[in-house]
1. Can you compute 3J(HN,Hα) from phi for each residue in segment 165-171, using the Karplus curve 6.51 cos²θ - 1.76 cosθ + 1.60 with θ = phi - 60°, rounded to whole Hz and x for Gly and Pro?
2. How large is the convex hull of the Cα atoms of segment 286-397 per residue, expressed in Å³ as a whole number?
3. When the dipole is taken about the Cα centre of segment 323-376, and only Lys, Arg (+1) and Asp, Glu (-1) are charged at their Cβ, what size is it in debye, to the nearest 20?
4. Could you sort out which of LYS117/LYS189; LYS117/LYS355; LYS102/LYS355; LYS19/LYS65 sit more than 31 Å apart by Cα distance in this structure?
5. Add +1 for every Lys or Arg and -1 for every Asp or Glu among the other residues with Cβ under 9 Å from the Cβ of ARG393, and state the total.
6. What FRET efficiency do you get for GLN231 and CYS160 if R0 is 25 Å and r is their Cβ-Cβ distance, rounded to the nearest 0.05?
7. How compact and how long is segment 55-157, expressed as Rg and Dmax of its alpha-carbon atoms in Å?
8. Show the residues, 5+ positions off or on another chain, whose built amide H is closer than 5 Å to the amide H of VAL315.
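The values are calculated or read from the model by the stated rules, or taken from the named source; none is laboratory data. Keep in mind the model is a prediction, meaning the values are calculated, not measured. Cβ coordinates were reconstructed from backbone atoms using ideal geometry, including for glycine residues, and neighbour counts include every protein chain displayed. Note: accessible area is taken over every heavy atom of the protein model, side chains too, but ligands, DNA and RNA are not part of it. Shrake-Rupley method; radii C 1.70, N 1.55, O 1.52, S 1.80 Å.
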Amino acid sequence: MCDQTFLVNVFGSCDKCFKQRALRPVFKKSQQLSYCSTCAEIMATDGLHENETLASLKSEAESLKGKLEEERAKLHDVELHQVAERVEALGQFVMKTRRTLKGHGNKVLCMDWCKDKRRIVSSSQDGKVIVWDSFTTNKEHAVTMPCTWVMACAYAPSGCAIACGGLDNKCSVYPLTFDKNENMAAKKKSVAMHTNYLSACSFTNSDMQILTASGDGTCALWDVESGQLLQSFHGHGADVLCLDLAPSETGNTFVSGVKTQRKSLGALCPLGRPVAACFLPKLSLCRYYPSGDAFASGSDDATCRLYDLRADREVAIYSKESIIFGASSVDFSLSGRLLFAGYNDYTINVWDVLKGARVSILFGHENRVSTLRVSPDGTAFCSGSWDHTLRVRESWA
């Protein structure tokens with residue numbers, strides 16, 4: 001299978017005129033319908049008042065957008081680097097590789113830490129999901145999925161279960177036991193079912209609910225025990241590639257992002273409805289700042305960016321002219337002072353979040369760094385790569 005994603009037009013019967021045409025998703029009273037472009041335009045004009053036209057409404061929308069930009073500009077009173085002038089700069093330092101985890105037969109696509117700060121779950125294009133002991137590098141559990149390209153995996157907060165999925169369009173939950181010889185596939189529970197591939201999954205603050213993102217353009221909250229859909233999140237116009245839950249102290253909010261031909265949209269949803277949106281250049285991954293007041297994104301334009309939710313704007317860009325390859329994974333240190341970013345040129349760049357300077361560049365992987373996560377206690381971080389391996393390195397908290 002090729003490594004590129006292509007935009008596909010869906011053809012079928014329009015739910016309004018019943019003609020066979022190219023379709024687009026339309027939401028009417030929270031119900032998703034498939035309309036052709038003509039019927040979608042007719043629906044948009046329904047309910048217009050006298051003397052109102054689409055052109056006048058677009059003009060009014062642009063006017064409101066301008067007022068919003070003016071209000072946002074009032075909050076832009078100081079730059080981040082100006083605030084950080086009095087903060088002591090970080091020196092250059094080295095983060096050594098302490099463990100190398102080998103066992104996957106193809107590209108590592110995703111990984112997650114257990115709350116015990118020792119075990120790691122990883123998924124790969126080889127169709128395998130492996131649970132590792134990062135201290136000994138031993139494999140504790142291994143699951144063979146019914147499909148290749150297992151693009152999402154997550155550890156349950158209790159450490160007693162893992163979730164994973166990919167091209168099978170499902171999110172499956174596997175309970176973990178102390179018996180390493182037990183057949184885990186026999187206890188598999190299919191929790192979520194999307195109409196396209198599963199791109200990301202994350203348990204909420206308990207083992208009982210899981211949040212998923214999919215190539216069908218939606219995110220969804222599911223009950224693990226019953227498999228019931230609790231809440232569906234619409235609004236993205238393309239494949240949702242990533243999601244990240246805010247730290248528990250900030251409430252039930254998550255950030256999600258999609259990748260389109262030109263720009264990407266990040267939506268902040270309080271597990272109910274979108275509350276904010278921002279346009280990001282070709283987003284690859286997003287991650288919350290430890291305080292929950294900001295989030296970072298990695299992009300195909302070779303930059304990482306920091307967005308402050310309180311100021312409702314971008315506050316920093318992390319880039320260098322010598323970096324020409326896209327960033328495919330990002331995560332913060334426990335203190336939030338460092339931003340780790342994995343790139344398609346096989347390196348990991350470490351950025352000073354406040355100063356915007358690169359403080360270290362880490363080598364070791366022999367292919368694209370596809371996933372990166374800092375351990376719960378901040379003492380280590382693990383990176384997964386298309387070179388089939390994971391590397392555990394010491395971290396600066």
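1. For segment 165-171, the Karplus-derived couplings read x, x, 6, 7, 6, 10, 10 Hz, x marking Gly and Pro.
2. On the way: hull volume 9.9 nm³, N = 112.
Hull volume over Cα atoms, normalised by residue count, gives 88 Å³.
3. On the way: 5 positive and 4 negative charges, 30 e Å.
Computed charge dipole of segment 323-376: roughly 140 debye.
4. Working: LYS117/LYS189 25 Å; LYS117/LYS355 29 Å; LYS102/LYS355 36 Å; LYS19/LYS65 36 Å.
Beyond 31 Å between Cα atoms: LYS102/LYS355; LYS19/LYS65.
5. Details: positive: LYS96, ARG98, ARG99, ARG391; negative: GLU394.
Overall, the nearby charge balance is +3.
6. Values: r = 24 Å, r/R0 = 0.97.
Approximately 0.55, to the nearest 0.05.
7. For segment 55-157, the Cα radius of gyration and maximum Cα-Cα distance read 24.0, 66 Å.
8. HN-HN under 5 Å from VAL315: LEU306, TYR307, ASP308.
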